[in-house]
Amino acid sequence: MGPRPLRIKSAVTALLAALWLASPLAAQQQTDREREADLLQQLSEAQDPHAASMIEGELRTLWSRSGSAAIDLLYRRGQDALQAGKPEEAVEHFTAALDWDPDFAEAYVGRAQAYYMTNAVGPAIDDLREALVLNPNQWEALMGFAAVLEEVGLEEDALEVWHRVHDMHPQNPEALAAVTRLETQLQGQTL
């Protein structure tokens with residue numbers, strides 16, 4: 001009868017250790033969500049491009065942290081490969097990051113960019129969709145989605161998405177230009 005209490009004690013100890021280790025992670029995730037909401041509010045109210053750029057940088061930094069140093073390294077390598085004009089290599093790094101953490105929205109955004117650069121539009125759209133499921137506030141994913149919609153001739157749908165980006169990030173010059181261009185183009189079609 002001696003081994004049974006020891007197993008129960010070990011199970012209780014393991015459960016308490018798991019709760020203790022999960023507590024700081026859960027607290028950090030809550031803090032990150034609160035910080036993200038605050039930054040998104042500031043971004044939507046930014047009065048000039050410089051202020052918006054600073055807030056945008058903070059959001060990118062926040063979103064690019066997966067919680068794992070190894071996954072963050074794979075993500076940075078993917079970003080570096082994109083900047084170096086090596087989209088196939090970027091796909092490999094982002095895919096490796098997603099193999100480890102399939103809930104890392106930024107890796108989907110990066111891989112979508114890489115896929116698009118290699119003319120793999122279908123997989124790019126799939127990754128943009130997944131990124132937006134995980135982070136509906138990721139304006140770069142929205143911008144990519146809007147660009148694809150426009151490219152395939154769905155200008156009204158693209159305009160709707162560009163409006164959403166513009167509402168979130170009014171100082172974004174691409175969103176403003178796209179909204180202006182598409183509104184003008186669509187008004188011309190209705191005459």
Subset of segment 96-115 [surrounded by fewer than 20 Cβ atoms within 10 Å (Cβ to Cβ) and in a helix (DSSP H, G or I)]:
96, 99, 100
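Per-residue answers, yes or no, for (1) farther than 27 Å from residue 38 by Cβ; (2) not assigned by TED's automatic domain parsing to the domain that holds residue 181:
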| position | (1), (2) |
| --- | --- |
| 70 | yes, yes |
| 89 | yes, yes |
| 122 | yes, yes |
| 146 | no, no |
| 153 | yes, no |
If only one of 129, 65, 35 is surrounded by fewer than 18 Cβ atoms within 10 Å (Cβ to Cβ), basic (Lys, Arg) and part of a loop (DSSP other than H, G, I, E, B), which one is it?
65
Scan (1) in contact (Cβ under 8 Å) with a residue 12 or more places away in the chain; (2) outside the structural domain of residue 181 (by TED's automatic domain parsing); (3) more than 18 Å from residue 98 (Cβ to Cβ) for the single condition residue 117 breaks and write down its number.
(3)
Give the residue that is nearest to residue 50 (Cα to Cα), with candidates limited to residues of segment 145-171 that are buried (at least 19 other Cβ atoms within 10 Å of the Cβ) and in contact with a Phe, Trp or Tyr (Cβ under 7 Å, 6 or more places away or on another chain).
169
Which condition number does residue 82 fail, the rest of (1) within 18 Å of residue 141 (Cβ to Cβ); (2) at pLDDT 95 or above; (3) surrounded by fewer than 17 Cβ atoms within 10 Å (Cβ to Cβ) being met?
(3)
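The values are calculated or read from the model by the stated rules, or taken from the named source; none is laboratory data. Keep in mind the model is a prediction, meaning the values are calculated, not measured. In this analysis, Cβ positions are derived from the backbone assuming ideal geometry, glycine residues included, and neighbour counts consider all displayed protein chains.
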